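Beneath this line is the structure, given in structure tokens, with notes to follow.
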Amino acid sequence: MAEIKASDVAKLRKMTGAGMMDCKQALSETNGDFDQAIDILRKKGQKIASKRAGREASEGVVIAKTNPDHTFGILLVLNCETDFVAKNEDFIQKAHEVADLAIQKQCKDLQSLKELSIHEDTVDNEIINLAGITGEKVELSYFASLESPFVVAYIHPGNRLATLVSFNKKADDLQVGKDVAMQVAAMNPIAVDKDRVPQEIIDKELEIGREQAIAEGKPEQIIDKIAQGKLGKYFKENTLLNQDFIKDHKIQVKEYLAHHDKELTVNDFYRFTLNV
């Protein structure tokens, strides 16, 4: 039997991310053959992934990043089963590694991300291997990307909430973009502006407004007017550009942007938060 050196174990761990004892055992079983040892670790991951496929993976991390010139950004969610694994530095680092790869390749959707090559394998298989390392169900459950003249990402401390915001032009100050990204995180708008709110939501809000007016005993001839007024308030509270700016409630977000550049506005945004 070949001598299993500590340096070989460390090398295999670097290649696979598996634990030191798992790497040592795999090398021992294969008499020091790295390719066969990798196969053993991969099969372990596949076995655990298959066994725990029906489990709920509601913990994890939410990562948002942009390229250096802030013209392309991504937001992804890597799920696991427990908070213990979600807070593990290796798990968090793996999520960042996949996010960096998505930025580098300018990946546009989840399936394309899973098919990207990483460590001489696919991202999809790398996540399966991660299940073998953690002993939990692990999955990439969500991915979004934005490409624009100016894109800003924000990750709330704890990695459970992140946002990605695109703008129609570059802002002179990166902090302007960060402020809006934090606004999205804090206030959870449903759309950029009122003209982007889905019609079914508008219809529902009008219906609620009418029902409230009737319940309050308002005259029939002004019920629709009251409902429209309530809809206007809904737009103000729930559309990004019309919300009160969190750092100065005296102005709206669109006024904050206009203060820096009258032509600057938001194109789109994504927000994802894990259940609390």
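Readers should treat all values here as calculations from the given coordinates under stated rules, not as data from a laboratory. Source: prediction; values computed, not measured. Because the Cβ atoms are built from the backbone with ideal geometry, glycine has one as well, and the counts that use them run over all protein chains shown.
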Which angle from 0 to 90°, rounded to the nearest 10, does the C-alpha axis of helix 89-104 make with the longest principal axis of the chain? 70
Evaluate E = 1/(1 + (r/R0)^6) for SER141 and ILE214, where r is the Cβ-Cβ distance and R0 equals 41 Å; express this FRET efficiency to the nearest 0.05. 0.45
Enter the angle in degrees (range 0 to 90, nearest 10) between the Cα long axis of helix 174-187 and the first principal axis of the Cα atoms of the chain, meaning the one along which they spread out most. 80
Share of antiparallel DSSP beta bridges in the chain, in percent to the nearest 5? 95
Spatial extent of the chain: Rg and Dmax, with the Cα atoms as the point set, Å: 24.3, 92
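Could you give the length gained by full extension between GLU97 and ASP193, i.e. 0.36 nm per residue of separation minus their alpha carbon distance, to one decimal place?
31.2 nm
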If you consider only alpha-carbon coordinates, what radius of gyration and Dmax does region 194-259 have, in Å? 14.3, 43
Of all GluC sites (Glu not before Pro) in region 217-276, the ones in DSSP coil with at most 13 other Cβ atoms within 10 Å are GLU263
Taking Cα atoms, how many degrees apart are the long axis of helix 223-238 and the longest axis of the chain, rounded to 10 and kept between 0 and 90? 40
Value of relative contact order over the chain, rounded to a whole percent, pairs C-alpha under 8 Å and six or more apart: 18
Between ASN275 and GLU89, what is the label-point separation in nm under the 7 Å Cα-to-beta-carbon projection? 3.1
Lys/Arg Cβ at +1, Asp/Glu Cβ at -1, dipole of region 194-259 taken about the Cα centre: which of ALA213, LEU231, ILE246 is farthest positive-ward? ILE246
